Amino acid sequence: MKKLMTGFIAIALVSALMLVIIDRLNAAQGYSGADTLTVYNWGDYIDMELIDRFEEETGITVIYETFDSNESMMTKVQQGGTTYDIAVPSEYMIEKMKEEDLLVELDHEKLPNLKYIDERFLDLAFDEGNKYSVPYFWGTVGILYNPEMLPGKTFTSWDDLWDPELKNEILLIDGAREVMGMGLNSLGYSLNDTDPEHLQEALEKLQTLTPNVKAIVGDENKLLMANNEAAVALAWSGDARDIMWENEALDYVVPEEGSNLWFDNMVIPKTSDNIEGAHQFINFMLDPEIAAINTEYVSYSTPNQAALDYLPEEMVEDERFYPSSELTERLEVYENLGQEMLGLYNELFLTFKMH
Amino acid sequence: MDNKFLRNLYMVPYAVWIIVFVIAPILLVLYYSFLDIHGNFSLVNYERFFTSVYLKLTLSSFWYAFLITLISLLVAYPTAYLLTKTKHKHLWLLLIIVPSWINLLLKAYAFIGIFGAYGAANNFLEFIGIGSRQLLFTDFSFVFVAVYIFIPFMILPIFNALNSLNPTLIDAANDLGASRWTTFSKVIFPLTLNGVKTGCQVVFIPALSLFMLTRLIAGNRVITLGTAIEQHFLVTQDWGMGSTIAVFLILIMFLIIRLTGFRKRGA
């Protein structure tokens, strides 16, 4: 019995010691300090030197964490635990987070630099009046192809993918919205269509594409396209840009029927305990010079109109990544279709994958 | 009194582990499977499972898992048999097990390189005059890589069974005039059947729900139940349907363990 008591006391002591250590560690990492800011962003999606500069200018210590999908980001914010002050979700996720009441309303007076954002990218359906979000980067979905592997072949329309000459050459994105959206767009429907008949029609059209599909992949498409494993890929413009640095033979096109316009946006989650600092951070990132430095690093398209002046001309004048307003008008932003519709999209996509 | 108390105390870590990490998750999965996407209690997910999409999915998962298990067995049994005949058998066994210490994702990426259009496999085919062809994103490459990954798990139990086989039994069979084939089919194989069963369970069950390889190596041209579960949890956030598929997987696994189960031998 005596031994047992000593055992219990030992366990209690160890537990107490661990509590103290955890507390110390948290303090050291700044989780409980007042002048810290926790930024939650996609991997490799900011020029880290800008973080140093922000810390120098404001005296706020930044803790930088990354995520790899909107869904995992939302789950972590929902769980609480970490006091995220800034997050960078895509547009459809903002609607969801709004519904779940996970976002703090922005105080526009503390964001004077918001005036530099191109008007095309403000006040969009997913967040009217930019009450909760500020665009960070934007882009399109299009066709990335290798002209050297396909002499004489040009792409202007989604239907060009159905060319029998492209047998077993196309890589698709493993995403229901992207692939179903491509099917809908090629039929002239909106990629936010919710009419089950139109969706069925899109599925049937997509199934005729099967002989041309080499694989349906995720991020590996970067590696595969860079190594000439396939001649054509459905791709996000940001990824396309990255791959084109690696393999200069490649070209990128946004089909004329229209396509998806996407945004990643800065928001302040409800978990924030430094709302003042978060506004400072957003405003800092909106500064044209800072935005330009960041854009040169990330190489996605910036929504910051004034930043374009600081960027190299060949980057800004590249119509593939900074399309004219004529084209952007034909592009559509994904709307949150509700879980039931998303379920249908996914089931159809699953059917397509099973062919 | 002290003794009994201590014994119960030793049980605590085991009981806590089983309750928290085995029983609770299974109950949670079962509970979620009865929720529709609005969080209402319903059987709609079970109805959906019996539609053509999910039934076809189940069939194709079964087919590929069966192929993977069969090929693993065909390769593993002779290998294990040869291993027991070698001089340094534990060293050879170790060499077979070592690759399973390497991260699965890393191995999958390596195979993307090997099977690629300009990869080592195609260079070899070119060299021996067959000419290069598409290897990546085919059924062949998927089954090949899956077999490669699972084979150590098939060899180990068979090796153990063969290794503990009493050699005098084989001598006896020889002395009594059994041919080599009869010795194998009447003596060796029945006595190592438990090893084979364990190996098949250890391979078949995870093969049913493989999902990463289906995308990396098969380019989603092979779809398994694992793919569907992943999609429901990560993309549609329809945890109910994902859990329902998981419930069916658990049921299937119980069934398989029953079917390949060990018969209790009387003393």
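Throughout, read-outs are computed from the coordinates displayed, never taken from laboratory work. In this text, all values refer to a predicted model and were calculated from it rather than measured experimentally. Backbone-built Cβ (ideal geometry, glycine too); neighbour counts: all protein chains shown.
Couple of notes before you dig in:
- Order of A:Thr6, B:Thr244, B:Thr214 - criterion: other Cβ atoms within 10 Å of each residue's Cβ, fewest first: A:Thr6, B:Thr214, B:Thr244
- When you restrict to C-alpha pairs under 8 Å that are six or more residues apart and normalise by the size of the range A:35-123, the relative contact order lands at 32 percent.
- Whole-number percent relative contact order across chain A, with pairs defined as alpha carbons under 8 Å at least 6 apart: 26
- Taken one residue at a time, the phi angles of the range A:79-86 give Karplus couplings (6.51, -1.76, 1.60, θ = phi - 60°) of 5, x, x, 9, 8, 5, 9, 9 Hz. Gly and Pro are set to x.
- Ellipticity estimate at 222 nm from DSSP helix runs (n ≥ 4, -39,500 (n - 2.57)) divided over the protein assembly as shown, nearest 500: -16500 deg cm²/dmol
- FRET efficiency for B:Ser60 and A:Leu150, using Cβ-Cβ distance with R0 set to 35 Å, rounded to 0.05: 0.60
- Gyration tensor (Cα) of chain A, equivalent ellipsoid semi-axes in angstrom: 40, 26, 20
- The count of lysine pairs in the range B:52-259 that are at least 8 places apart or cross chains, and whose C-alpha atoms lie under 23 Å apart, stands at 4.
- Per-residue HN-Hα couplings for the range B:214-224 [Karplus 6.51, -1.76, 1.60; θ = phi - 60°; Hz; x = Gly/Pro]: 4, 8, 5, 9, 9, x, 6, 8, 10, 10, 10
- Lysine pair number, Cα distance threshold 27 Å (strictly under), the range A:119-253, separation 8 or more or different chains: 10
- Stokes-Einstein diffusion of the protein assembly as shown at 37 °C, 0.692 mPa s viscosity, Kirkwood radius from Cα pairs, rounded to a whole number: 116 µm²/s.
- Take every pair of alpha-carbon atoms less than 8 Å apart whose residues are at least six positions apart; their mean separation over the length of chain B yields a relative contact order of 27 percent.
- Stokes-Einstein diffusion for the range B:52-259 at 10 °C, viscosity 1.306 mPa s, with a Kirkwood radius from C-alpha pairs, works out to 83 µm²/s.
- Under-5 Å amide H pairs with A:Asn168, H placed in peptide plane, nonlocal only: A:Asn212, A:Val213
- Between the amide H of A:Ser157 and those of A:Glu256, distances stay under 5 Å, these residues lying 5 or more places away or on another chain, with hydrogens modeled in the peptide plane.
- Within 10 Å of the Cβ of each residue in A:212-220, the mean number of Cβ atoms contributed by other protein chains is 5.
- Once the Cα gyration tensor of the range B:48-130 is diagonalised, semi-axes √(5λ) in Å: 31, 24, 15
- Prolate/oblate/rounded label for the range A:201-355 (Cα gyration tensor, a/c 1.5): oblate
- HN-Hα J in Hz across the range A:3-12 - Karplus 6.51, -1.76, 1.60, θ = phi - 60°, x for Gly and Pro: 4, 4, 4, 4, x, 4, 4, 4, 4, 4
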